[in-house]
Amino acid sequence: MTHFQPITVSTTPFEGQKPGTSGLRKQTEVFRQEHYAENFIQSVFDTIKDRKGATLVIGGDGRFHNQTVAQTAIRMAVANGFGRVVVGRNAWLSTPAASHLIRKHDAIGGLILSASHNPGGPDGDFGIKFNIANGGPAPEAVTQAIHARSETIAQYRLIDSPELDLTQLGSHDLNETMIDVVDPVADYADLMESLFDFPAIAALLADGFTIRMDAMHAITGPYAMEILERRLGAPAGSVINAEPLPDFGGGHPDPNLVHAEQLHDTMMSADGPDFGAASDGDGDRNLILGKGIYVSPSDSLAVLAANAHLVPAFLRGIAGVARSMPTSRAADRVAERLGVEAYETPTGWKFFGTLLDAGKVSICGEESAGTGADHVREKDGLWAILFWLNVIAARREPVAQIMADHWQRYGRDYYARHDYEALDTKTAQALMGDLKEGLADLAGTRAGELTVERADSFSYNDPVDGSVSENQGLRLFFTDGSRAVLRLSGTGTQGATLRVYLERYEPPSGQLDRDVGEVLVPLADAVDELAGIKSRTGRDAPDVVT
């Protein structure tokens with residue numbers, strides 16, 4: 001055992017270290033301030049009861065500053081009495097892989113170093129998220145405690161030691177803490193092989209079914225290479241942009257139609273592959289495309305739930321389905337047909353944790369390209385991609401046919417999200433505040449071609465732990481069955497992001513092949529009239545439409 005002197009460093013609080021929907025995210029330059037990351041990590045550690053001798057998982061998405069913070073977190077974990085630290089080689093771990101390791105090693109929790117789908121590099125963003133012992137994001141009670149501690153912190157502890165070599169697998173015994181540097185991919189890949197019918201997917205690929213997986217120079221690259229190309233036999237080059245880079249190759253690692261435009265164009269071409277997919281910075285989101293068709297995240301959740309019986313992990317059926325409130329109601333229609341419960345939660349994967357732990361749901365998802373199940377307590381991009389491949393291998397039908405059959409059976413929820421990014425925070429808050437204040441008077445109001453039926457501010461009562469989460473978004477319901485949701489995002493690092501979610505249902509007997517944007521124009525116009533988005537923000541159109 002190598003012993004290093006513990007050091008106590010005096011510090012003062014930083015304003016604004018309040019974890020958001022998925023941890024603390026700030027611009028990288030903020031995290032590079034002296035004491036900044038240390039303050040937050042110590043605040044996390046101070047809220048963990050019984051940490052002495054416990055196991056902690058550390059890893060991240062490889063973005064700029066990942067290595068530096070990982071080394072700091074390890075030195076602090078030793079000084080704070082953790083008995084074991086499990087860290088991915090190169091300080092790499094995708095978010096779902098970190099969740100799996102927390103559960104596998106009975107860890108008390110884990111630090112995930114990522115800003116998810118936000119850009120990376122010195123001029124990009126960085127983040128730290130604490131996941132609890134079930135592998136999922138810390139619930140609000142924990143994040144509130146972390147924030148409260150960050151406002152009073154006066155010192156942090158670490159050991160005076162050189163950096164560890166995290167490029168090599170092996171163990172290091174520091175003071176009374178064992179540091180295990182593990183393969184970041186192997187355990188996760190083994191888990192995927194236990195859930196899906198790998199022989200069937202391999203046979204599909206061997207028969208000439210072509211795929212294109214864009215890892216966006218983010219953390220999913222090594223995982224996709226191991227699973228898709230090595231274990232399943234996809235031809236070399238099926239996974240592109242597979243090397244994780246500190247700045248994600250200068251790109252924006254968000255798997256949507258704007259930032260994965262090249263993949264979309266390839267899939268829409270006449271000679272494009274049969275199946276296309278992408279994942280994000282930390283590997284928890286997904287984009288699904290077939291030849292000539294884009295599958296919205298809301299539709300993807302519904303299709304996977306409807307076809308779960310084709311996958312080994314769900315041969316006995318599913319217990320229930322959960323979706324975030326802004327996600328379309330397509331999955332609810334599947335749950336009703338299957339005779340299982342459908343749950344509507346606030347945005348944030350942490351709200352699915354109690355439902356999963358209690359066995360009330362098996363599959364859950366969010367409109368923001370996140371889908372997952374009870375195998376971990378995080379959304380999981382590569383899991384969703386493998387799920388789709390398993391369904392295609394079982395049905396031997398292209399994505400477009402699977403979608404057409406689904407809509408003909410359940411109807412279609414035409415759906416889109418409009419993002420207005422980097423708004424003046426006071427302007428965005430005033431817009432939402434004024435709309436909320438007038439909700440009670442909106443029933444019967446005519447807006448363009450539509451009439452408001454009712455409106456409310458969404459509150460969630462957790463059916464498992466009884467916790468209540470209020471003010472989770474404003475909902476507008478219209479007499480024609482359309483629905484709109486407005487909320488301010490908690491994942492940005494500059495200004496405020498206003499997100500407007502638009503949904504209109506078309507029954508199986510209706511028109512199922514119309515242009516999404518065209519269908520939603522009347523709804524978008526009605527929302528703008530009611531909320532005054534254009535007049536108040538000065539924006540003629542959203543920055544991103546997904």
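Counting only alpha carbon atoms, the long axis of helix 140-150 and the longest principal axis of the chain meet at about 50°.
From most to least packed by mean Cβ count within 10 Å, the peptides 188-195, 363-370 give 363-370, 188-195.
Quick one: ranking LYS26, LYS379, LYS426 by accessible area, 1.4 Å probe, largest first, what do you get? Numbers along the way, then the final one.
On the way: LYS26 60, LYS379 10, LYS426 160 Å².
Final ranking, largest accessible area leading: LYS426, LYS26, LYS379.
Among the listed values [x] 11; [y] 31; [z] 21, the one matching percent of Cα pairs over 46 Å apart as calculated from this structure is [x].
Between the helical axis of 36-47 and the longest alpha-carbon principal axis of the chain there is an angle of about 90 degrees.
For the stretch 136-219, report the accessible area per residue in Å² (1.4 Å probe, heavy atoms, rounded to an integer). Roughly 42 Å² per residue, with all protein chains present. The order of the peptides 74-82, 538-546, 109-117 by mean Cβ neighbours within 10 Å, most packed first, is 109-117, 74-82, 538-546. Taking label positions 7 Å along the Cα-Cβ direction at both GLN144 and ASN175, the computed distance is 3.2 nm, reported to one decimal.
Taking the solvent-accessible surface of protein heavy atoms with a 1.4 Å probe, what is the per residue accessible area of the stretch 422-529 in Å²? Intermediate values should be presented prior to the final figure.
Details: 5150 Å² over 108 residues.
About 48 Å² of surface per residue is accessible.
Maximal additional length on extending the ALA394-THR72 stretch stands at 111.2 nm, based on 0.36 nm per residue less the C-alpha distance.
Taking the C-alpha atoms only, the angle from helix 399-410 to the longest principal axis of the chain is near 60 degrees. Simple spin-label estimate for SER457 and GLU261 gives 3.8 nm between the two label positions (7 Å along the Cα-to-Cβ direction from each Cα).
Amide H contacts of ILE318 (H built 1.01 Å from N, in plane; Pro and chain starts excluded): no residue 5 or more places away or on another chain comes under 5 Å.
Once all protein chains are placed together, TRP383 keeps about 0 Å² accessible to a 1.4 angstrom probe.
Average the reciprocal distances over every distinct pair of alpha-carbons in the stretch 42-82, invert the result, and give the Kirkwood radius in Å. Please list the in-between numbers first.
On the way: mean 1/r = 0.0914 Å⁻¹.
The Cα-based Kirkwood calculation yields 10.9 Å.
Just the projected area, averaged over all directions, of the convex hull on the alpha carbon atoms of the stretch 384-542: how many nm²? Spell out each step's value before the answer.
Working: hull surface 49.2 nm².
Averaged projected hull area, Cα only: 12.3 nm².
Here the scattering of the stretch 185-335 is modelled by Debye summation over its C-alpha atoms, one equal scatterer each and no solvent; at q = 0.10, 0.21 Å⁻¹ the log10 of I(q)/I(0) is -0.37, -1.51. Inter-part distance, the stretch 146-177 to the stretch 5-63, computed on C-alpha centroids, equals 10 Å. Rolling a 1.4 angstrom probe over the chain with all protein chains present gives an accessible area of which 46% lies on carbon and sulfur atoms. Across the stretch 377-425, the convex hull enclosing all Cα atoms gives 163 Å³ per residue.
Give me the net charge of PRO122's neighbourhood, meaning all other residues with Cβ under 9 Å from the Cβ of PRO122; Lys, Arg count +1, Asp, Glu -1.
Details: positive: ARG32; negative: GLU29, ASP123, ASP247.
Around PRO122, the surrounding residues sum to -2.
Report the antiparallel proportion of the DSSP beta bridges in the chain as a percent, rounded to a multiple of 5. Don't skip to the end; give the middle numbers.
Working: 65 of 95 bridges.
Bridges in the chain are about 70 percent antiparallel.
Extent along the principal axes, Cα only, for the stretch 335-412: 35, 27, 22 Å, with the longest axis given first. Working note: Cα gyration tensor of the stretch 254-297, eigenvalues times five, square-rooted, sorted largest first, giving semi-axes of 18, 10, 8 Å.
Between GLN408 and SER269, the modelled labels are 3.1 nm apart [label points 7 Å from Cα along Cα→Cβ]. Full extension of the chain between THR427 and PHE14 yields a length gain of 146.2 nm, computed as 0.36 nm times the residue separation minus the alpha carbon distance. Quick one: if the Förster radius is 56 Å, what FRET efficiency do VAL521 and THR167 give, using the C-beta to C-beta distance and rounding to 0.05? Step by step, r from the Cβ atoms, then E = 0.55.
Note that the stretch 368-382 has calculated 3J(HN,Hα) couplings of 7, 6, x, 9, x, 8, 7, 6, 9, 10, 9, 5, 8, x, 5 Hz, one per residue in order, obtained from phi through the Karplus relation 6.51 cos²θ - 1.76 cosθ + 1.60 (θ = phi - 60°); glycine and proline are x.
The values are calculated or read from the model by the stated rules, or taken from the named source; none is laboratory data. None of these values were measured; they are calculated from a predicted model. Please note: Cβ atoms are built from the backbone with ideal geometry, for glycine as well, and neighbour counts cover all protein chains shown. For accessibility, only protein heavy atoms count, side chains too; no ligands or nucleic acids. Shrake-Rupley method; radii C 1.70, N 1.55, O 1.52, S 1.80 Å.
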